[in-house]
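Step one of this worksheet: look at the structure below.
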There are 2 protein chains.
Amino acid sequence: MAVTSEATTLWTGDLESGKGHTTLDSSKAAELPMSWAARSQGAAGKSNPEELLGAAHSACFSMQFASLLTKNGTTAESIQVTAAVTFAPGEGITGSHLLVSAKVPEISEEDFERIAEEAKATCPVSLALAGTSITLEASLA
Amino acid sequence: MAVTSEATTLWTGDLESGKGHTTLDSSKAAELPMSWAARSQGAAGKSNPEELLGAAHSACFSMQFASLLTKNGTTAESIQVTAAVTFAPGEGITGSHLLVSAKVPEISEEDFERIAEEAKATCPVSLALAGTSITLEASLA
């Protein structure tokens, strides 16, 4: 079954002095204030598209890695994934870096590294993000 | 200046019975419960990577459209953008559909359509999402 999930942004005014908020329509889990200052200068307290892209990528990678580890006979106790997404005004989104730390009983270092690379290459958000660079640093906790 | 934004997912257990939550680290604006059931069956109440990707895309498009409308000398009063992102298990992310309604004083229908298409093509999240299909439906409110 295909599932369609929705989110809505309402923006008022121009880019620099205007403001927006983004609602997670499907889950109703959050309403997020957004700003150009958060995006272009890292101003505190508001979200931006790159933070949300990082949230999507970290969640997708964690699911894919969990699935592949179970297929390997080595289900994870826990997987922590931070996605760091970089935006350069005038240039665009230059990359998503995945920093992974996972507790996986009885797996070899070699299998762990191989499966982490496979999760990076095959997670649906990685595949959708074909227009940017994706890097990975994974370690057994 | 390049800005790096971060989000972290912590997942425990396998894909189907495990659970996760995603934290927006840079803004600290939300902590979101995630589930495979929300992603693969549209189960209510929890978020999933596609909803977050839609949030990123709708926010990015709204900023790009706001910027281009101001450059045209027709700053928007408001721009509402819903991104609907579809996930088919086993197939991946099949598309992001942008549904846009905007109040823009004194713009022609023709300029409005042209600038909306330009925003779709040039918004940084659209460019990063080169691996999936992006469609647009825009109307003047």
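A Cβ-based charge dipole, computed about the Cα centre of chain A with Lys and Arg at +1 and Asp and Glu at -1, lands at about 340 debye. Chain B packed on chain A takes about 5800 Å² of accessible surface away from a 1.4 Å probe, both sides summed. The fraction of accessible area contributed by carbon and sulfur in the protein assembly as shown is 49 percent, rounded to a whole number (1.4 Å probe; ligands and nucleic acids excluded). Rounded to the nearest 10 degrees, the angle from helix B:49-71 to the longest Cα principal axis of chain B is 20 degrees. With the label put 7 angstrom out from Cα along the Cα-to-Cβ vector, A:Lys71 ends up 4.3 nm from the copy partners, going from closest to farthest. Considering only B:Thr82, B:Ser67, B:Gly95, the residue lying farthest towards the positive end of the dipole of the range B:49-140 is B:Ser67, judged by Cα position with unit charges set on Cβ. Take B:Ala2, move 7 Å from Cα toward the beta carbon, and the resulting point lies 3.6 nm from the same point in each other copy, nearest first.
Around the Cα centre of the protein assembly as shown, unit charges on the Cβ atoms of Lys, Arg, Asp and Glu (plus for the first two, minus for the last two) sum to a dipole of about 420 debye.
Springs join every pair of Cα atoms under 10 Å in this Gaussian network model of chain B, and among B:Leu98, B:Leu24, B:Leu52 the largest mean-square fluctuation is at B:Leu24. Where in the range B:48-83 does the amide nitrogen come within less than 13 Å of the point 7 Å from the Cα of B:Ser101, taken along Cα to Cβ? Only B:78-82 pass the distance filter.
Count, for each residue of A:113-125, the Cβ atoms from other chains sitting within 10 Å of its Cβ, then give me the mean as a whole number.
Numbers: counts 0, 0, 0, 0, 0, 0, 0, 0, 0, 1, 3, 14, 11.
Shielding by partners across A:113-125 averages 2.
For chain B, adding -39500 (n - 2.57) for each run of n ≥ 4 DSSP H residues and dividing by the number of residues yields -10500 deg cm²/dmol at 222 nm.
List the longest stretch of chain A that has no exposed loop site; here a site is one of the GluC sites (Glu not before Pro) assigned by DSSP to anything other than H, G, I, E or B, with at most 15 other Cβ within 10 Å. Working shown, then result.
Numbers: sites that count: A:Glu16, A:Glu77, A:Glu91, A:Glu106.
Formally, the longest exposed-site-free interval is A:17-76.
Could you work out the relative contact order of chain B? I mean the mean sequence separation of Cα pairs under 8 Å and 6+ apart, divided by the number of residues, in percent. Intermediate values should be presented prior to the final figure.
Details: 229 pairs, mean separation 24.8, N = 141.
Computed over chain B, the figure is 18 percent.
Candidate cross-link partners of B:Lys120 among the lysines, defined by an alpha-carbon separation under 24 Å and a same-chain spacing of 8 or more, comprise A:Lys19, A:Lys46, B:Lys71, B:Lys103. A 1.4 Å probe run over chain B, with the rest of the protein chains in place, finds 40 Å² accessible per residue.
Placing a label point 7 Å from the Cα of A:Pro105 along the Cα-to-Cβ direction, the distances to the matching points in the other copies come to 6.7 nm, shortest first.
The values are calculated or read from the model by the stated rules, or taken from the named source; none is laboratory data. The model shown is predicted, which means the values in this text are computed figures rather than measured ones. Cβ sites come from the backbone with ideal geometry, for glycine too, and all protein chains shown count toward neighbours. SASA here: full protein model, heavy atoms, side chains in, ligands and nucleic acids out. Shrake-Rupley method; radii C 1.70, N 1.55, O 1.52, S 1.80 Å.
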